[in-house]
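Please treat every number below as a calculation from the coordinates, not as lab data. All values reported here derive from a predicted model rather than from experimental measurement. All Cβ positions, even for glycine, are placed from backbone atoms using ideal geometry, and neighbour counts span all protein chains on display.
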């Protein structure tokens, strides 16, 4: 249930947007939701680093992140599907892994993934470290038979062995726990604070264009922030428990049918619990304009269409085209700036390749 | 025919190496060869840039080089098979392109490709620009149906269109000739002068370790420099006509059979001329310790084995293991240093992906 104070705040916000008629729906949606009500928009923190994230550890993790030799064919690295030159994704409906194989879900962005309360669309990995273990041994991603096969390759390369020893101590060796520890440390550097939205929220009234401001007010007013509030616009605040969201809420919408958005049951497929049916992690919306196509199945081709889908599937609401445009303009205000990243040099086994397949 | 002066020089060099017995064979090989005799080892020039290679052009070419959206699946960029984080290749027997397809030949390194007299193993592209056109539309590489499909994607992205206009003028539009012009300009920056070998050749007697010096003397003395002389150890001097080399010369060697090195007829398959049968471009040996596996078909797994293969297939010569080791140590002295490269930001079409397949 919505708390009274929150209800009053929602009402106050609704008075400030032109689409007052929407607000009744937003309040209704809030009243029947089991999720926590909107955490308002907040600037992204300037850092996601842990005190244990040393420069040497981050550099090791960066090499592993970019190393295609961690895949069975030597062709797919973390960066292949989570491309740091683009939106932290691959622009595909679903990723293409080794041997041209594809999976069922759209690759989420790695940018700001440190500000996600869990990883994967169904949240099955509680941490970045646990997430990094998955694709290495997924048949349709990096295709390794088991983590030992990954480690055998790394251990063949003297400079990698030396770097693990230098970062973790010479008694530790090369283990999967250390490898994902380093990758996660690198991923915690992949954040994009100081976007136009952040500057606006920090008091620079000129940082957003008028259409973006209208979009922001609409976004907050109609109820998007119910799930997409907080610093990463995903309803999660660092240190708190993640809450999952039902998607789609309104399954009979023609757009839900058109894009087959109800057949993947999300956490339901993972836990086989009735309460988890069609529950998904709320993804961050930061840099969302760079990560088309959209939704867990990647079937929605444009951001404008994704906005329409979310309005009908979550709020049972048809938006007019000006509202759609303003919301898209607002979402564009969450883009970058992106940190400059130098290409790592991947260590080699001199005169030999470690890829045999 | 070897010229007398060259014969004398070879003899003089032979006197300086311990493997004097080899030298008769080297002289014989030279005497019967139609290829130009050894251009001695030379330092790599500090630049391969043309005066028209502006910073803006190089930056545009770099984006195109790293952009996987130039492949039909959005998964394969130039850098996928010519990885600048590694030896400028992919460490595979033959590259894996779109849909998991593979070709027949091993990916040559892009490092110092500006110092190759022609591109591809059979030299079918006379320039870097012509080379860059090939993989875009090769079924087993980037898989585009035709160059117009590549251009259609680039033209959809406003920032690319603006950058082409900024570099080439607003009347030029986005054409394949301009795209490969930019890619080639970037590739001309991918050079690795100042290796240990270069420093030695420039007078630093301490730059090579004793085993590397022995390897160098052996390399020159037995006749490797007959084909692998010049600044890039590929027998070519910038501005001169390229000469192709017969490979293998001694087809009956068990190693030639073991690795199936005679079935690909090289330029013969291209021109269908008897004179071109089994003629190949001599590849650069710079950074060769980073580009395993070896030979045009990628079947030779290690650099040591590649040295053994070349000795028997080209010089009809069995090397002892110390010689093999010294030659490998010498070849390692051609490694890097590599220029630091920042990851480009690839421009996007906001809210839409241009990859549909």
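Key figures
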read-out: Neighbouring partner chain Cβ atoms per residue of A:281-291, average, 10 Å criterion; value: 2
read-out: Over chain B, relative contact order from alpha-carbon pairs under 8 Å, at least 6 apart, %; value: 25 percent
read-out: GNM result for chain A, Cα springs below 10 Å: residue of A:155, A:345, A:249 fluctuating most strongly; value: A:345
read-out: Gain on full stretching of the segment that runs from residue B:274 to residue B:209 - 0.36 nm per residue minus C-alpha separation; value: 19.0 nm
read-out: Antiparallel bridge percentage (DSSP; both residues within the protein assembly as shown; nearest 5); value: 80 percent
read-out: Descending semi-axes in whole angstrom, ellipsoid equivalent of chain A, from the Cα gyration tensor; value: 39, 22, 18
read-out: GNM top mover of B:195, B:47, B:95 - chain B, alpha-carbon springs below 10 Å; value: B:47
read-out: Shape of the stretch A:165-302, Cα gyration tensor, a/c cut at 1.5; value: oblate
read-out: Mean separation of Cα contacts under 8 Å (6+ apart) over length of the stretch A:55-187, as relative contact order %; value: 29 percent
read-out: Rounded tilt (10° steps) of A:176-187 against the dominant C-alpha axis of chain A; value: 50 degrees
read-out: Per-residue Cβ neighbour rank within 10 angstrom, fewest leading, A:57, A:213; value: A:213, A:57
read-out: Cα gyration tensor shape of the stretch B:33-185, rounded if a/c is under 1.5, else prolate or oblate by comparing a/b with b/c; value: oblate
read-out: Ranked B:279, B:295, criterion: other C-beta atoms within 10 Å, fewest first; value: B:279, B:295
read-out: Rounded to 10°, Cα long-axis angle of helix A:55-66 versus longest principal axis of chain A; value: 90 degrees
read-out: Residue closest to axis [chain A; rotation mapping onto B; Cβ; Å]; value: A:100, 2
read-out: Rough spin-label spacing in nm, given labels placed 7 Å along Cα→Cβ, for residue B:162 and residue B:260; value: 5.1 nm
read-out: Computed over the stretch B:165-244: relative contact order in percent, which uses C-alpha pairs under 8 Å that are six or more apart; value: 10 percent
read-out: Two-site label geometry, residue B:56 and residue A:189: point separation in nm, points 7 Å out along Cα→Cβ; value: 3.2 nm
read-out: Copy-to-copy label separations for residue B:102, where each label sits 7 Å from Cα toward Cβ, in nm and ascending; value: 2.3
read-out: Nearest 10 degrees, 0 to 90: helix A:20-32 Cα axis against chain A principal axis; value: 60 degrees
read-out: Chain B, helix-only ellipticity at 222 nm - DSSP H runs n ≥ 4, -39,500 (n - 2.57), divided by all residues, nearest 500; value: -11500 deg cm²/dmol
read-out: Net length gained if the chain between residue B:252 and residue B:47 were fully extended (0.36 nm per residue, minus Cα distance); value: 69.6 nm
read-out: Which of B:177, B:226 has the fewest Cβ neighbours within 10 Å, and the rest in rising order; value: B:177, B:226
read-out: Shielding by other protein chains, B:73-85, mean Cβ within 10 Å; value: 5
read-out: Within 10 Å of each Cβ in B:86-99, the average number of Cβ atoms from other chains; value: 5
read-out: Whether the stretch B:212-255 is rounded, prolate or oblate, judged on the alpha carbon gyration tensor where a/c under 1.5 counts as rounded; value: oblate
read-out: Nitroxide proxy distance, nm - points 7 Å out along Cα→Cβ at residue B:139 and residue B:321; value: 4.6 nm
